[in-house]
Amino acid sequence: MKNRIRQLVKEKNAIILAHNYQPPEIQDVADLCGDSLELSIKASKTTADIIVFCGVHFMAETAYILSPEKTVLLPNPDAGCPMADMVDPESLKEKKQALGNIPVVTYVNSSAAVKAVSDICCTSANVIKVANSIDANEILMTPDKNLAQYAAANTDKKIHLWEGYCPFHNTLTPQDVNKAKKDHPGACFIAHPECPPEVLKLADSIQSTSGMIKFAGESDHDSFILGTETGLLYPISKAYPDKKFYPASEKMYCTDMKKITLDNIYNSLENLTGKIIVPENIRKDALSAVQKMVAL
């Protein structure tokens, strides 16, 4: 199946993107693996006619926002993001108005429609830089309350939270982390900023998924506990086979990130199913929010 997919990729001038949380067989068949935004940016700079995004819905939307001239496919349209679904544009407009129209910073893990009513986007890697770049003392940050609290702890600005969260990162507790540290003495604990504040306090380093891979390569440690979705264990272990990596908790397993199969990819490419299209009025405003972030 992998050979058949690669043949189709060649025939159709396509590129396959796979998020770091995708199953190993999906990452192995991809042209590029990484964080969602970096994948979309890299794909936009290629001459590919078709982008096959192995991730979840908002990621494929972001690829379309940056590359409207390309065909963007999500091999399994049922792959969504519970956190992204915790905010909608109408509710966000109401909240912004209630707070006196303060600037809105929106995590890229959100729908195109929500990005379109935001002032600027951020990633888990640049959220502090984005918050500090805004010429206002108060900010509304959406949809992840944990990412917002992480930013608030690292800036002088007042940050209003949206009550959204990743159902998997948010389940990690200090007890889970302490157990993992006890099971793997001496291991360095790296946490994703989508984890709760009390978990981040226990971290030796706080990183995005790509940041974790980079950090592990540059660190003198030879063993690590990863406070993120368990899918990252595969690419990070592959990158550094001489180092040991352990999950902070096995319960950090995103079912949506595991919905895409090799069959899905083949059928999507063969029949051009799972097309993602963002209406132009939404796409332009969402692109503006993304571009302001990238310009930093």
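No value in this document is a laboratory result; all are computed from the given coordinates. The structure presented is a predicted model; accordingly, all values stated were derived computationally and were not measured. All Cβ positions, even for glycine, are placed from backbone atoms using ideal geometry, and neighbour counts span all protein chains on display.
Details
- Most to least packed among 166-173, 270-277, 51-58 [average Cβ atoms within 10 Å]: 51-58, 166-173, 270-277
- Rg to Rh, two decimals, where the stretch 84-165 supplies the alpha carbon set and Rh follows Kirkwood: 0.91
- The GNM of the chain, with springs linking C-alpha atoms under 10 angstrom apart, assigns the highest mean-square fluctuation among Gln149, Gln22, Gln175 to Gln175.
- For His160, residues with placed amide H under 5 Å, excluding near neighbours: Ile139, Leu140, Met141
- Measure of compaction for the chain (Cα Rg per 2.2 N^0.38 Å): 0.99
- For the stretch 137-296, the orientation-averaged shadow of the C-alpha convex hull comes to 12.4 nm² (one quarter of the hull surface).
- In the stretch 84-165, Cα pairs under 8 Å separated by at least six residues give a relative contact order of 29 percent.
- Restricting the GluC sites (Glu not before Pro) of the stretch 155-258 to loop positions (DSSP other than H, G, I, E, B) with no more than 12 neighbouring Cβ atoms within 10 Å leaves Glu163, Glu250.
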